[in-house]
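These notes are about the structure you will find just below.
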Amino acid sequence: MKSIFSTTATNWQLPLRLALFLVFWMHGAQKVLGMYHGPGLQGFAGYVASMGMPSFLGYVAAFTEFLGAFSMLLGFLTRFFALGLAINMLVAIVTTHWKWGFFLNWMGEAGRGHGYEYPLTLLLVSLALLIGGAGNLSIDRMIAGKRTPAA
């Protein structure tokens, strides 16, 4: 059980965790609570179903973002949720963003969606936390007890 909580004895993870908290709290709250002009659970599950995927995956993705945000804030189950968030972003890239190329639609060009640069960034930050763990300033480190030396 300790392996999921293990982490390197470093502090670089904190800014990454806080960034993921902010981004995934906002997007998760849109999907789960319908806040910030979001679709809410039913709406997001319907959107996922409209892409030909089972609607329950919409619930899984929404709660992964919402709960994953708090996981990042607290540094609790960081590796578990970092994996989930990375998978969420990979699915978003493949199903929604890839066809629009790399760049976001900065100019709001009609009929064009956003490329994959932003979800790719979130995926890579999630992978960094999957590899390095939550760091010193985390509940994971408190649970794991002794620190794993930095590489």
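Report, by residue number, each residue of segment 74-114 that is charged (D, E, K, R) and assigned to a loop (DSSP other than H, G, I, E, B). Reasoning before the result, please.
Let us first name the residues in segment 74-114 that are charged (D, E, K, R), namely 79, 99, 109, 112.
Once the filter is applied, which keeps residues that are charged (D, E, K, R) and assigned to a loop (DSSP other than H, G, I, E, B), segment 74-114 yields Glu109, Arg112.
Just to be sure, is Ser126 at pLDDT 95 or above and within 25 Å of Met51 (Cα to Cα)?
Numbers: at pLDDT 95 or above: yes; within 25 Å of Met51 (Cα to Cα): yes.
Yes.
Could you grab me the full set of residues in segment 1-15 that are assigned to a helix (DSSP H, G or I) and modelled with pLDDT of 95 or more?
First, pick out the residues of segment 1-15 that are assigned to a helix (DSSP H, G or I): 2-5, 13-15.
Listed by number, the residues that qualify are Gln13, Leu14, Pro15.
Among the residues of segment 105-132 satisfying the criterion of being in contact (Cβ under 8 Å) with a residue 12 or more places away in the chain and farther than 18 Å from Phe24 by Cα, which is nearest to the chain's Cα centre (by Cα)?
So, considering only residues that are in contact (Cβ under 8 Å) with a residue 12 or more places away in the chain and farther than 18 Å from Phe24 by Cα, the one nearest to the chain's Cα centre (by Cα) is Gly132.
All but one of (1) among the hydrophobic types (A, V, I, L, M, F, W, C); (2) over 25 Å from Ile4 (Cα atoms); (3) free of Cβ contacts under 8 Å to residues at least 40 places away in the same chain hold for Leu57, so report the exception by its number.
Single failed check for Leu57: (2).
Residues checked against (1) in contact (Cβ under 8 Å) with a residue 60 or more places away in the chain; (2) not in a helix (DSSP H, G or I):
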{"residue": "Arg17", "(1), (2)": "yes, no"}
{"residue": "Val23", "(1), (2)": "yes, no"}
{"residue": "Met26", "(1), (2)": "no, no"}
{"residue": "His37", "(1), (2)": "no, yes"}
{"residue": "Gly52", "(1), (2)": "no, yes"}
{"residue": "Ala61", "(1), (2)": "no, no"}
{"residue": "Met72", "(1), (2)": "no, no"}
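I'd like to know if segment 81-95 contains one or more residues that are under 14 Å from the mean Cα position of the chain (by Cα), of a type in the set (Phe, Trp, Tyr) and either surrounded by 15 or more Cβ atoms within 10 Å (Cβ to Cβ) or at pLDDT 95 or above (or both).
In the first step, residues of segment 81-95 are kept if they are under 14 Å from the mean Cα position of the chain (by Cα); the result is 81-93.
Those left that are additionally of a type in the set (Phe, Trp, Tyr): 81.
When the remaining residues are screened for being either surrounded by 15 or more Cβ atoms within 10 Å (Cβ to Cβ) or at pLDDT 95 or above (or both), the result is 81.
Looking through segment 81-95, at least one residue is under 14 Å from the mean Cα position of the chain (by Cα), of a type in the set (Phe, Trp, Tyr) and either surrounded by 15 or more Cβ atoms within 10 Å (Cβ to Cβ) or at pLDDT 95 or above (or both).
Table: residues versus (1) in contact with a Cys (Cβ under 9 Å, 6 or more places away or on another chain); (2) under 20 Å from Ala19 (Cα atoms); (3) not β-branched (Val, Ile, Thr).
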position	(1), (2), (3)
Ser71	no, yes, yes
Leu77	no, yes, yes
Leu83	no, yes, yes
Thr96	no, no, no
Gly111	no, no, yes
Leu120	no, yes, yes
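Kindly indicate which of Ala128, Ala69 is within 23 Å of Ala9 (Cβ to Cβ), in contact with a helix residue (DSSP H, G or I) (Cβ under 7 Å, 6 or more places away or on another chain) and hydrophobic (A, V, I, L, M, F, W, C).
Details: Ala69 fails: within 23 Å of Ala9 (Cβ to Cβ).
None of the other options fit; the residue is Ala128.
Counting only residues that are buried (at least 16 other Cβ atoms within 10 Å of the Cβ) and closer than 15 Å to Phe5 by Cβ, how many does segment 115-136 have?
Qualifying residue count, segment 115-136: 7.
The values are calculated or read from the model by the stated rules, or taken from the named source; none is laboratory data. Predicted model, so just to flag it, every value in this text is computed and none were measured. Backbone-built Cβ (ideal geometry, glycine too); neighbour counts: all protein chains shown.
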